[in-house]
Every structure is written in structure tokens, then in C-alpha cells.
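Worksheet for the structure shown next.
A short reminder: the numbers here are calculations on the coordinates, not readings from a lab. Predicted model, so just to flag it, every value in this text is computed and none were measured. Note that we place each Cβ from the backbone using ideal geometry, even for glycine, and neighbour counts take in every protein chain shown.
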Amino acid sequence: MSNRTPLIAGNWKMFKTCPEAVAEAKRLVAAVQGLTDRQAMIAPTFTALAPVHEVLKGSSISLGAQNLYWENEGAFTGEISAPMIVSAGCSHVIIGHSERRQYFGETDETVNKKTGAAIASGLIPVVCVGESEAERDANETFSVLDKQITKGLNTYLPENLATLVIAYEPIWAIGTGKTATPEIAQETHGFIRETIGKNFGGPLAESIRILYGGSVKPDNVDSLMAKPDIDGALVGGASLNAETFGKIIHFKVN
């Protein structure tokens, strides 16, 4: 296992009202007490951020938002800014999730702008990259990832990206029950680390955490986390239940 601190992040997507989110967060805090060799983060909906922050105070679980806009304020109805989510208690923000790219027009260029806004506000950006099933079948996985990483981050210096987390989420494995084998995930994570090194130098490539996202469950997390370039997980559906997500956070280190 590397000296990179593992991060297990839960993306709650568009689930849970404020009372439901608070109740689940309380159960999760109880489930993960005493863990010091890893980090956990949950990203509820915007409306639940502030009340969930109150629950997480004093625990080992960090709070993240699922998206942000790149301007700090302005006439942008329906958007939310980095300072706003910071004021709600967030330390992390998910950027460029495949669902944002697929349904809401997110591009590598908007990912770039949002990453800059997150960094400027002291947030830890969790930048998502990943290929579709058609792209994987056409052997385009590495070219797609290279483009997403390069265009998504090319305006920044290595020192700007010191806190950056990358989440590799093969789109074909999100919510489908399909999971990349640990070997496929490791190969892809290795390529991502190599690409970071090519663009930003070896020190950043060695320190950056790369999470795997795609139908992560208690019964496959150990084998995924055993791989040298997998530094954590971005968990969707399985993070909605505190007992299940707690088991994932408690993955066993080989």
C-alpha cells in the first residue's frame, strides 16, 4: 500500500430529503468511529449540506458537494458557488461526474473552470474522468482519459493541484452492476498516474489520489483497494445505506 491516505467518498446523487440525509449521516458516523488510516467523505444534495455538516462535526467524515459553478456570485439562477458550499461546511466538491457530462452539458472546459473555482476557495476537487462502453469497445479508453485530464487541468501548475483527487469512473460500470476487474482498474489507474506525471511531473503523479468509481460494493472493495494505484473509491448507490457504506469504508488492507 502506498503512503497516499485512502479516501472513500459517497456520492448520494439526487436521493434523501434533509431529514433522511441527517438520519443516515448519524448512522454513518456511528459506523466508522475510530478509523485513522483512511478518510471518508459524503456528498449529499445541496439542500442537505448544512444540516449534515452539523452531524459530521467532530467525526472523521468530511462533507462534499456534488457540483459547483465557476463564478463566485451573479445572475446565474439555479447555480451554486464555491464560497456558498464552503459556508455550508464543505471541504470537497465533485466535478465533472459522468452524469453531469451526459445530462447537463458538462465539458472538459467547464471542468477546468470549476476546478479553478474550487481550488481558489480552498476546496478539494474530486475530478471525474471515464469512458463509455462504446469507447472502451473501440479501444479508445486511454485517448479519452488523456483528453479529459489534459483539457480539464491544462491551465494549472502542479502546485495548484496539490490537493486534487481524480476519480476514474468507467461509465459502463456506474449503476449497472458491472465492475471493472481489479486488473482493468489498476491498468487504467496506472495510465492516469502516468498521464499526470507527463503533464505535471513525477512528484504530483506520486502524491495524487486516484479513486475508482463503478459499482463498488463491500464484496469487491478489498480486491480493488489491494491494487497499488487505486487510492480509494467513489461510491454511488452503495453509499446510501450507512451499514453498507460503512463496510466499504472498513475495507481490509492486505
Part-to-part distance (alpha-carbon centres) for region 1-48 and region 122-186, which is given in Å = 21
ask   = Using helices alone, what [θ] at 222 nm do you get for the chain, with -39,500 (n - 2.57) per DSSP H run of 4 or more residues, divided over all residues and rounded to the nearest 500?
value = -11500 deg cm²/dmol
inquiry  = Give me the percent relative contact order of region 7-249, please, defined on Cα pairs under 8 angstrom at least 6 residues apart.
reply    = 21
task = Please give every one of the lysines within straight-line cross-link reach of Lys227, meaning a C-alpha to C-alpha distance under 21 Å, and leave out same-chain neighbours fewer than 8 residues apart.
result = Lys178, Lys217, Lys247, Lys252
Formal net charge of residues neighbouring Ala185 (Cβ-Cβ distance under 10 Å; K, R +1; D, E -1) = -2
message = Which trypsin sites (Lys or Arg not before Pro) in region 14-91 sit in a loop by DSSP (not H, G, I, E or B) and have at most 12 other Cβ atoms within 10 Å of their own Cβ?
response = Lys57
key: J(HN,Hα) series, region 76-84, from Karplus relation 6.51 cos²θ - 1.76 cosθ + 1.60, nearest Hz, glycine and proline x   = 10, 3, x, 9, 9, 9, 4, x, 5
ask   = Going by average Cβ neighbours within 10 Å, how do the peptides 192-200, 132-140, 93-101 rank, with the highest at the top?
value = 93-101, 192-200, 132-140
remark   = Rounded to the nearest 5, the percent of DSSP beta bridges in the chain running antiparallel is 0
